[in-house]
1. Taking the stretch 653-668, which residues are of a type outside the set (A, V, I, L, M, F, W, C) and more than 51 Å from the chain's Cα centre (by Cα)?
2. Which residues, counting only those in the stretch 573-597, are at pLDDT 90 or above and part of a helix (DSSP H, G or I)?
3. Val130: modelled with pLDDT of 95 or more, over 21 Å from Leu33 (Cβ atoms) and crowded, with 19+ Cβ neighbours inside 10 Å, yes or no?
4. Hey, can you tell me all the residues within the stretch 631-645 that are surrounded by fewer than 22 Cβ atoms within 10 Å (Cβ to Cβ), touching a residue at least 12 places away in the same chain (Cβ under 8 Å) and of a type in the set (A, V, I, L, M, F, W, C)?
5. What is the number of the single condition among (1) open to solvent by less than 70 Å² (accessible area, probe 1.4 Å); (2) under 25 Å from Asp201 (Cβ atoms); (3) hydrophobic (A, V, I, L, M, F, W, C) that Leu331 does not meet?
6. Residue under question is Leu448, and the condition is that it be part of a helix (DSSP H, G or I), open to solvent by less than 60 Å² (accessible area, probe 1.4 Å), in contact (Cβ under 8 Å) with a residue 60 or more places away in the chain and not charged (D, E, K, R); does it hold?
7. Of the numbered conditions (1) touching a helix residue (DSSP H, G or I) at 6+ places or on another chain (Cβ under 7 Å); (2) surrounded by 14 or more Cβ atoms within 10 Å (Cβ to Cβ); (3) free of Cβ contacts under 8 Å to residues at least 60 places away in the same chain; (4) over 16 Å from Gly105 (Cβ atoms), Val72 satisfies every one except a single condition; which is it?
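The values are calculated or read from the model by the stated rules, or taken from the named source; none is laboratory data. It should be emphasised that the depicted structure is a prediction, and the values quoted were computed from it without experimental measurement. Note: ideal-geometry Cβ built from the backbone for every residue, glycine included; neighbour counts use all protein chains shown. Note: areas computed on protein heavy atoms with side chains; ligands, DNA, RNA excluded. Shrake-Rupley method; radii C 1.70, N 1.55, O 1.52, S 1.80 Å.
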Amino acid sequence: MPADRLLSTLLRSLQTYTDQQDTPRILGTASSLLTSLGNPHNLSLLTSHLLTAPALWDRPDGVRTPLRLLSVFHTAVTAVINHQNDVRWGKAPELLPGQTPVGGGLSLDDWVRAVVAGADERSQRWKHLVTLGGLLVAIGSLEEQGMELYWASGMKRRVETALVRATNLALVEVRERSQADGLEGQTIVLVLNHAFGCLSDAEKALLDYDLLLPVLIGTAFFSNEGFQSAYFMGGLNLDIKMNGAKLDWDARSSSFRQVEAIMARPLVSSMGPLSRIIAHAVENVRDPWVIQAMMDDLASFARALTTQWRQINFSEIDPAEENMYLEEEALHKTVPLLWKLLKAALFATTITLRGVLIRTLGDKTLAGDAAAPVIASQTLQTLRHMYFITSRLGPASFSQHTFVYLTAIDILSAYPMHADKFLKSLAPPQLGQIPRHPLDRILDLYFLNTAEHFSLVLSTATNEDLLVASAVPYLAAGGNHNMLPIFEAAHSVMLAVLSAPQSAEITAKHLPFYIDALFSVFPHNLSPRQFRLAFKTLMRVTAPPSAISASHPDLSATLMELVYYRALNAPTQPLPPDETTLALQGSDAPPPALSEQAVLTLTLLDALPFLPIPLLEEWMPLCAELLNQIDDSAMRETVRARYWEVLVSGEMDSERSGSAVAWWGTRGGRDMVLFGGEMEQQEHMMSGALPAEHTPRESKL
């Protein structure tokens with residue numbers, strides 16, 4: 001059929017919508033005509049009808065309708081450029097008699113001008129972006145593939161300029177009509193998501209980000225083409241069935257099909273690039289108060305997400321016990337897809353928050369005392385609401401989250417009053433109790449991990465009444481493997497509070513209880529590395545010149561004695577390897593197996609650099625004697641190597657090092673450590689004198 005007759009037929013088909021219409025066939029015909037029409041007026045006419053056709057726009061299929069149209073223009077211009085590039089290099093096939101060349105014989109400039117002319121006043125501004133975006137994305141894609149298009153660079157710059165101008169005009173229309181999360185705003189976001197990387201930096205700077213940012217947030221997080229305000233989990237619980245003792249979620253259920261549909265949405269499936277555009281918009285808005293409004297929106301989205309998750313039965317299952325309580329289909333098919341969707345929401349939120357904090361650090365308004373602590377608090381609140389997702393990945397599993405989390409903490413730490421208020425708003429509702437619901441325990445874990453960073457800026461009362469009270473219930477919870485992360489977090493909080501300079505009174509009050517808890521969980525629930533770190537921290541806290549060392553001068557000696565006497569009677573068989581040891585088993589230098597006795601001896605050696613010199617001189621020979629009581633030669637060599645490392649590695653200051661050198665060289669230390677005292681120097685004694693016994697002195701505490 002001749003092109004003119006085919007054009008007339010197509011234009012008639014575009015005038016009315018019917019349930020039986022074959023939209024893909026119509027668009028395929030349009031794409032073919034765009035590459036074969038040789039009359040510029042016909043090209044403009046076809047473009048104009050495509051942007052206004054009732055057959056396409058009366059009942060649009062969400063953003064899939066503008067996406068299909070964008071692909072029509074993308075395909076057409078790709079064919080035209082490829083043909084003209086082949087002609088330029090002499091690779092184009094010869095035309096048969098009566099055959100129309102690709103592009104209708106028009107030059108690329110004339111062809112593009114004719115197509116763009118069809119985006120006129122008869123169609124809305126936001127639809128113009130479909131045409132311009134399709135053209136720009138095609139040219140940019142060909143350049144990325146390595147095609148030399150220097151001859152088309154001028155046309156590309158003109159299309160970029162037109163796209164940016166059309167975007168700004170469309171944003172004004174959207175604002176005036178309050179359609180930020182309707183098809184108009186969604187189409188703007190869709191086109192920019194595809195074309196943003198093809199824009200030059202100069203053109204990107206001309207976008208009106210103050211108008212664009214609310215449209216991006218509304219479309220991505222709240223529209224029916226994005227995450228739907230987190231309400232997609234609302235009816236999910238109706239399809240979760242109890243099958244005996246296990247939960248099942250049928251892949252044929254309506255709620256699962258909805259999750260599949262959400263994942264297949266064009267904007268959700270490309271949420272990574274879209275979130276980076278949002279972050280770029282945040283960094284470039286002119287009015288910083290637009291960012292604060294956006295932070296409120298993100299906080300409400302995250303809060304709704306947590307609320308919706310709590311209402312479904314899956315939230316009542318601890319992640320480590322899913323194998324026990326989920327049927328096979330739920331375990332391997334349906335639930336993993338739900339988590340994939342939730343992770344997409346987490347990543348998009350985190351990337352957006354990263355842009356907020358980068359902007360805050362460099363913006364004098366947002367970095368001011370009025371805005372900075374509020375933004376930091378909102379950021380940490382948002383991360384808290386999404387922590388049930390983050391905890392499955394590991395908070396340090398991706399660097400963007402680590403940056404956002406630690407930066408917000410650093411900002412808030414500069415405002416102690418705001419930090420105090422913030423932590424009290426996050427505190428567990430019932431201090432001193434371990435909640436039964438897994439989600440509440442996850443929120444407790446987030447609170448403990450976060451509160452640890454603020455112990456230095458909080459008041460003594462808040463440290464004791466809030467942080468210590470929250471940590472105490474979990475200090476002995478290491479026996480439950482599912483609660484191991486929160487058990488470790490509770491110990492970290494206790495050590496952070498006890499280490500704070502203003503906490504001398506708290507330390508004296510709670511240290512006996514904490515020491516008892518520490519010994520009760522080692523070695524069964526606390527790894528050797530963790531025990532040694534905890535004890536080393538306590539020794540640093542109680543050693544001079546800390547405030548508690550002045551009021552309780554014998555506390556260091558007491559702690560050393562507790563470990564020493566336990567080591568004398570400790571088991572000598574190797575401890576089972578912990579997770580760190582197992583992970584390093586295949587390395588070039590796997591950690592040696594150690595007994596409880598050897599670990600306790602190493603713990604004493606770690607504490608030597610913190611002892612006052614009189615105590616140091618007393619404990620160096622005692623540690624050497626304890627070393628020689630280790631029967632296993634490999635363990636003994638490990639401890640001996642650590643002893644030597646403590647003496648020579650610079651862990652001690654100059655005065656302690658001088659005392660250690662004197663003991664090593666002139667008081668028999670070398671022989672005691674290296675040879676077990678067999679070659680110990682004979683001491684000169686008066687007749688009838690008793691030999692010196694190295695025993696720890698009595699504690700006066």
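1. Those that are of a type outside the set (A, V, I, L, M, F, W, C) and more than 51 Å from the chain's Cα centre (by Cα): Gly665, Thr666, Arg667, Gly668.
2. Hits for the stretch 573-597 are Glu596, Gln597.
3. no
4. Once the filter is applied, which keeps residues that are surrounded by fewer than 22 Cβ atoms within 10 Å (Cβ to Cβ), touching a residue at least 12 places away in the same chain (Cβ under 8 Å) and of a type in the set (A, V, I, L, M, F, W, C), the stretch 631-645 yields Ala634, Trp644.
5. Of the numbered conditions (1) open to solvent by less than 70 Å² (accessible area, probe 1.4 Å); (2) under 25 Å from Asp201 (Cβ atoms); (3) hydrophobic (A, V, I, L, M, F, W, C), the odd one out for Leu331 is (2).
6. The answer is no for Leu448.
7. Failed condition: (3).
One line per residue, one yes/no per condition, for (1) of a type in the set (Phe, Trp, Tyr); (2) crowded, with 20+ Cβ neighbours inside 10 Å; (3) over 30 Å from Arg257 (Cα atoms):
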{"position": "Lys340", "(1), (2), (3)": "no, no, no"}
{"position": "Phe347", "(1), (2), (3)": "yes, no, no"}
{"position": "Leu353", "(1), (2), (3)": "no, yes, yes"}
{"position": "Ala367", "(1), (2), (3)": "no, no, yes"}
{"position": "Leu380", "(1), (2), (3)": "no, yes, yes"}
{"position": "Ser413", "(1), (2), (3)": "no, no, yes"}
